Amino acid sequence: MVSWWQDIVYAFRSLWAVKSRAVLSMLGIIIGVMSVLAVASIGLSAQDLILSQVTSFGGDLIGVTPGGSQEDSPPPIALGIVLTTLKLGDAEALQDVRGVEYVVPYVNSTETVSLGRETAVTSVVGVNEQVQGLEGLEMAEGRFLTAEDVARFARVAVVGTTVAESLSPDRSLLGQTVSVKGVRFTVVGLTSEQGTAFFQNLDDRVLVPVTTAQRLVAGIDYVSAIRMRVIEGTNVDRLKEDAAQVMRRRHHISDPSKDDFTIGSTEQAAEMLGNVTGAMQGFLLIVTAISLLVGGINIMNIMFVSVRERRREIGLRKALGANSGRILRQFLAESGAMSLAGGTIGAAVGIAFSALVAVAVRHYGYSWTFFMPVSYVVGALVVAALIGMVSGVSPAVTASRLDPIVALREE
Amino acid sequence: MTAQSMEDLIRLEGVTKEYLQGDIVIQALRGIDLSIKKGEFVSVMGPSGCGKSTLMHILGFLARPTGGKYLFEGRNSTEFTDDELALTRNQGIGFIFQSFNLLPRTSVLDNVLLPTNYSVNADREAVRKTALQLLETVGLSHRLNNNPNQLSGGEQQRVAIARSLINSPSLILADEPTGNLDSKATGEIMDILTGLHRQGNTILMVTHEDYLSEFTDRTIRVKDGQIVG
């Protein structure tokens with residue numbers, strides 16, 4: 001035990017003597033450990049972010065989107081095709097499915113909203129009054145949209161904090177009139193700060209009655225999507241099947257494989273996203289692990305050079321009583337120490353980098369949690385030291401087999 | 001065994017050494033008979049290529065003889081394993097080289113302690129004390145924490161002598177210990193070696209200089225792999 005310690009101390013000392021070369025030879029391990037930790041940490045945070053976004057409305061949500069789920073071709077939206085099959089009437093009909101608490105049709109468009117000379121580009125979202133319950137929106141001022149607003153095509157709007165602040169920073173927007181595409185809306189309510197959900201900033205939008213949005217803003221007769229909230233304790237799979245039956249009846253479809261709509265739940269989405277990000281992370285980890293391997297080869301290379309340069313020292317140590325095992329150990333300790341040192345530097349840089357990413361992402365308003373499990377750091381360091389020792393085996397064996405007479409004769 | 005041979009520290013009986021140089025077999029030693037008693041100071045002389053280096057390597061357990069017998073402290077070393085050879089080098093032999101062979105970037109004290117790294121169960125405190133004493137003997141107490149490159153050649157060789165003594169070896173092998181030194185430093189080193197001899201140490205010194213062999217009890221002359229007198 002004591003002599004191992006001596007070997008390690010001597011190893012660090014001889015590394016220190018050739019600092020710049022040691023750092024260069026450690027570079028591979030430094031970069032390898034850094035990227036492994038950064039990828040692992042950022043991956044965990046991203047997964048956490050995605051899950052929290054998808055589940056941020058709480059409970060089970062069911063989404064109905066236009067177009068069937070074709071697994072062998074890209075979704076129509078990717079080809080620039082807008083599907084118009086989802087209608088307002090579908091949302092109304094889904095209201096009657098058992099176990100449904102809220103049903104909200106969505107009509108999305110990005111518009112310029114103006115108040116006098118102030119303008120803001122934001123998303124104008126047509127919804128019904130049930131969105132307050134579905135999204136759990138809280139009011140800061142005024143009232144929310146009502147069923148009557150929807151029925152009457154009312155020109156009223158509920159505005160998010162970001163939009164309100166950019167349009168009227170000094171005084172409350174409540175009661176003022178904003179215009180969208182020349183249509184004037186009275187602001188009847190302001191939501192309080194909501195944050196992001198489903199990667200949409202809930203504060204950077206204007207909510208208007210879906211009917212008004214269809215006719216006066218977007219000029220369309222369909223809806224972009226329908227969301228439903230399920231009463232707690234309902235069998236979600238049954239409900240999805242019931243909802244599909246309603247949709248098929250309305251769209252006159254008898255063959256389920258010809259569905260022109262897709263019904264999915266947040267649970268499904270979360271699982272799918274989890275799989276996708278997990279696979280991505282695994283792939284990235286493999287790529288970064290290869291860089292660790294290259295780092296190991298780098299160390300092997302430099303150890304061969306080191307053994308070559310220090311033949312006299314090896315010969316001397318043998319003459320003074322070191323057996324082959326001790327020489328082997330000395331060089332293993334040296335390559336292990338080198339990559340452990342490299343690993344430590346890499347871990348520090350990797351942790352710092354991941355923390356920096358966390359700060360940057362939070363700056364953009366996402367609730368990004370910084371993850372750096374101790375087990376990952378310890379694991380990366382152990383792997384780095386192991387790689388160093390394994391890379392050192394061949395050079396160390398070469399060193400231990402040197403004939404002391406030949407080695408001592410070298411000048 | 002006679003009383004005479006009991007006192008022999010070293011006994012070589014018909015030792016030969018052959019090695020290959022390319023396809024040619026070189027006979028470096030052709031049957032060496034030699035005994036050295038405890039406490040002797042012996043010099044080995046001969047022209048270069050005569051085999052005296054090979055003899056030194058065999059005596060110092062750095063090489064095995066091809067034939068013959070090598071008794072060290074009464075034990076037949078030809079049967080030693082590699083690890084036993086290493087242990088014997090560590091415990092039984094003190095090497096002094098022509099080119100000092102100190103570890104660079106390592107303090108004088110740690111250089112002296114180097115052989116104890118390879119000793120089994122070395123008492124760190126005790127060997128440290130011994131090292132300090134030895135450095136005092138060779139007059140380098142004030143240089144403990146210097147690195148070898150800060151020392152003169154003579155000083156470096158004195159460190160090497162202290163290192164050779166750290167494990168109280170039975171035999172000190174000095175391979176042209178003054179070959180790289182000026183006459184003043186040579187005088188200092190020879191003073192130290194004769195001092196060690198007077199304290200009862202057994203020393204075998206290879207040299208080219210006749211006047212240095214006069215410091216020793218007897219001189220062995222080697223020529224063409226054989227002892228000629």
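Listing A:I345, B:I220, B:I24 from the residue with the fewest other Cβ atoms within 10 Å to the one with the most, what is the order?
B:I24, A:I345, B:I220
Would you work out which of B:S152, A:G67, A:V127 lies farthest towards the positive end of the dipole of the protein assembly as shown, given +1 charges on the beta-carbon of Lys and Arg and -1 on that of Asp and Glu, about the Cα centre?
B:S152
What is the calculated FRET efficiency for A:R409 to B:T16, with r their C-beta to C-beta distance and R₀ = 25 Å, to the nearest 0.05?
The pair A:R409/B:T16 has a calculated efficiency of 0.70.
So which lysines pass the test for B:K17, namely a Cα distance under 16 Å, with those fewer than 8 places away in the same chain ruled out?
Reachable lysines: B:K52, B:K69, B:K223.
Three principal axis extents, largest first, for the C-alpha atoms of region A:84-259, in Å?
Over region A:84-259, Cα extents along the principal axes are 55, 34, 29 Å.
Between helix A:236-251 and chain A, what is the angle of the helix's C-alpha long axis to the longest principal axis, kept within 0 to 90° and rounded to the nearest 10?
It is inclined by approximately 50 degrees.
Apply the a/c threshold of 1.5 to the C-alpha gyration tensor of chain B and tell me whether it is rounded, prolate or oblate.
It comes out prolate by the Cα gyration axes.
Running Debye on chain A with equal point scatterers at the Cα sites and no solvent, what base-10 log of I(q)/I(0) appears at q = 0.07, 0.08, 0.13, 0.14 Å⁻¹?
With no solvent term, the Cα-only Debye profile gives -0.54, -0.63, -1.06, -1.17.
Taking the Cβ of B:V15 as the centre, find all other residues whose Cβ is under 14 Å away and add up their charges (Lys, Arg: +1; Asp, Glu: -1).
Surrounding charge for B:V15 is +3.
What's the magnitude of the charge dipole for region A:84-259 around its Cα centre, counting Lys and Arg as +1 and Asp and Glu as -1 at the beta-carbon? Answer in Debye, nearest 20.
Its charge dipole is roughly 600 debye.
How much FRET efficiency would the formula 1/(1 + (r/R0)^6) give for A:D48 and B:Q98, where r is the Cβ-Cβ distance and R0 is 45 Å, rounded to 0.05?
My answer for the efficiency is 0.10.
About its Cα centre, what dipole magnitude does the protein assembly as shown give when the only charges are +1 on Lys and Arg Cβ and -1 on Asp and Glu Cβ, stated in debye to the nearest 20?
Result for the protein assembly as shown is approximately 1440 debye, rounded to the nearest 20.
Considering the convex hull of the alpha carbon atoms of region A:199-330, report its projected area averaged over all viewing directions, in nm², one decimal.
Its Cα hull, projected and averaged over all orientations, spans 19.1 nm².
Select from B:L20, A:F283, A:A337 the residue farthest towards the positive end of the dipole of the protein assembly as shown; place +1 on Cβ of Lys and Arg, -1 on Cβ of Asp and Glu, and compute about the Cα centre.
B:L20
Quote the charge dipole size of region B:1-121 about the Cα centre in Debye, to the nearest 20; the model charges only the Cβ of Lys and Arg (+1) and of Asp and Glu (-1).
Here region B:1-121 has a charge dipole of around 240 debye.
What is the calculated FRET efficiency for A:E101 to A:F353, with r their C-beta to C-beta distance and R₀ = 56 Å, to the nearest 0.05?
For R0 = 56 Å, the calculated efficiency reads 0.80.
Within a Cβ distance under 15 Å of B:R158, other residues only, what is the Lys/Arg minus Asp/Glu net charge?
Around B:R158, the charge tally is -2.
Return one number: the angle in degrees, 0 to 90 and rounded to the nearest 10, between the long axis of the Cα atoms of helix A:324-363 and the longest principal axis of the Cα atoms of chain A.
20
How much length would be gained if the chain were fully extended between A:M139 and A:S257, taking 0.36 nm per residue of separation minus their Cα-Cα distance, in nm to one decimal?
Separation in residues times 0.36 nm, less the Cα-Cα distance, equals 38.2 nm.
At 7 Å along the Cα-to-beta-carbon direction for both B:R218 and B:E84, put a label point, then send me their distance in nm to one decimal.
So the label points at B:R218 and B:E84 sit 2.8 nm apart.
Angle check, please: helix A:19-54 long axis (alpha carbons) against the longest principal axis of chain A (alpha carbons), in degrees 0 to 90, nearest 10.
Roughly 20 degrees, rounded to the nearest 10.
For labels at B:E136 and B:N180 in the simple 7 Å Cα→Cβ model, what's the distance in nm?
About 2.9 nm separates the two model spin labels.
At 0.36 nm per residue, minus the direct Cα-Cα distance, what do A:E118 and A:E232 gain on full extension? Give it in nm, one decimal, please.
Difference between extended and current length: 36.7 nm.
State the antiparallel share, in %, of DSSP beta bridges confined to chain B, rounding to the nearest 5.
In chain B, approximately 55 percent of DSSP beta bridges are antiparallel ones.
Quantify how much of the Cα-Cα distance distribution of region A:161-224 extends past 19 Å, in percent.
Distances greater than 19 Å cover 40 percent of the Cα pairs.
By the scheme Lys and Arg +1, Asp and Glu -1, what is the net charge of all other residues having a beta-carbon under 13 Å from that of B:M56?
+2
Ranked by Cβ crowding within 10 angstrom, fewest neighbours first, how are A:L320, A:L174 ordered?
Ordered by Cβ neighbours within 10 Å, fewest first: A:L174, A:L320.
On a 26 Å Cα-Cα criterion, which of the cross-link pairs A:K318/B:K184; A:K181/A:K240; A:K87/A:K258 come out too long?
A:K318/B:K184; A:K181/A:K240
How are the alpha carbon pair distances in region A:321-386 distributed across 10 Å bins from zero to the largest one, expressed in percent?
It works out to 20, 32, 23, 14, 7, 4, 1, in whole percents.
When averaged across all projection directions, what area in nm² does the alpha-carbon convex hull of region B:1-68 cover?
Averaging across all directions leaves 5.3 nm² for the Cα convex hull.
Under 8 Å for C-alpha pairs, at least 6 residues apart: give me the relative contact order for region A:84-259, rounded to a whole percent.
Over region A:84-259, the number comes to 32 percent.
If neighbour count is taken as other Cβ atoms inside 10 Å, put A:I31, A:I81 in order from fewest to most.
The most exposed by this proxy come first: A:I81, A:I31.
Would you mind checking the radius of gyration and Dmax of region A:281-411 based on alpha-carbon positions, in Å?
Cα only, region A:281-411: 20.0, 70 Å (Rg, Dmax).
Antiparallel DSSP bridges in the protein assembly as shown: what percent, to the nearest 5?
70
Percent relative contact order of chain B, based on C-alpha pairs within less than 8 angstrom and at least six residues apart?
Contact order relative to length: 30 percent.
Lys/Arg Cβ at +1, Asp/Glu Cβ at -1, dipole of chain B taken about the Cα centre: which of B:S107, B:V138, B:S53 is farthest positive-ward?
The residue sitting farthest along the positive end of the dipole is B:S107.
Only the coordinates and a few stated rules stand behind these numbers; no lab work does. Note that the structure is a prediction, hence the values are computed from the model and not measured. Cβ coordinates were reconstructed from backbone atoms using ideal geometry, including for glycine residues, and neighbour counts include every protein chain displayed.
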